[in-house]
1. In a shell of Cβ-Cβ distance under 12 Å around ASP105, excluding ASP105 itself, what net charge do Lys and Arg (+1) and Asp and Glu (-1) give?
2. Under a Cβ-Cβ cut-off of 13 Å, what is the net charge of the residues other than LEU96 that fall near it, where Lys and Arg count +1 and Asp and Glu count -1?
3. Tell me which chymotrypsin sites (Phe, Trp or Tyr not before Pro) from region 30-109 have a DSSP coil assignment and no more than 11 other beta carbons within 10 Å of their own.
4. Please compute, for the alpha-carbon atoms of region 1-101, the extent along each of the three principal axes and give them in descending order in Å.
Amino acid sequence: PGREAEAHHHYAEAVRLAPQLAEAHSNLGTALKGLGRHAEAAASYSAAIRLKPHLCEAHKNLGAALTELGRPRDAVASFATALDINPQFWPALYDLLDGQQFLCDWRGREARLRELERHLDEWHSRGRLGAGPTERLHAGLAPFHTLVWPVSDKTRRRVALSRARRDVEAAEAAPLVPPLRW
C-alpha cells in the first residue's frame with residue numbers, strides 16, 4: 001500500500017516494452033484500480049483478455065472494476081467467465097455470489113454455495129485456509145462474507161478463526177513502532 005503510483009509507472013513501462021504480454025496489461029489494470037482509475041483499469045484488463053482469453057485473474061479483476069463502475073451485470077458475467085476457465089478460482093466465486101445477491105439473481109446459487117461450503121470445510125479441516133501461499137487463492141476471505149451466505153455456523157467459525165490467526169501472525173511479524181499516528 002502507498003506505492004500505487006510507482007507500480008503504475010513500472011507496469012505502464014512494461015506494457016510499452018512488451019505490448020503483447022497479457023500479464024503486463026493485467027498488472028497495469030491492478031495498479032490503475034489501486035489508484036481509483038477504474039475505467040482505465042477495466043480497459044487494461046480487457047486488453048489482457050484480448051491477448052490471453054483464458055487469463056482467469058484478468059476476468060475476475062475486470063469484474064471488480066466493472067463493479068466499481070456501477071455495472072454489476074457485466075461484472076457478474078466476468079466473474080462467471082473466470083469460473084468457467086478455472087472452477088476452483090475461489091475469489092471469483094466469492095465475487096460472483098456477492099454480485100448475484102446484489103442483483104437478486106439466484107440462478108445456480110444453491111449449487112455454488114454447496115460447492116463453496118465443501119471447499120471451505122475441506123481447507124479448514126486441513127488447516128490450510130488463511131495460511132501461506134493458499135491465502136492468495138482466497139483473496140483474504142473475510143468472515144463477514146459468510147454472514148450473507150447460508151453456510152453452517154461451523155464454517156463461519158472456521159473462517160473467522162483462520163482469519164484471526166492470519167491477522168495475529170501478520171501483526172506479530174510487523175509490530176507497530178511508536179510514535180503511532182492515526
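Only the coordinates and a few stated rules stand behind these numbers; no lab work does. A quick note: this is a predicted structure, and the numbers were derived from the prediction, not measured. Note that each Cβ is placed from the backbone with ideal geometry, even for glycine, and that neighbours are counted across all protein chains shown.
1. That sum, taken over residues with Cβ under 12 Å, equals +3.
2. Numbers: positive: LYS60, ARG73, ARG107, ARG109, ARG112; negative: ASP74, ASP84, ASP95, ASP98, ASP105, GLU115.
That works out to -1.
3. TRP106
4. Computed over the Cα atoms, the extents are 38, 25, 20 Å.
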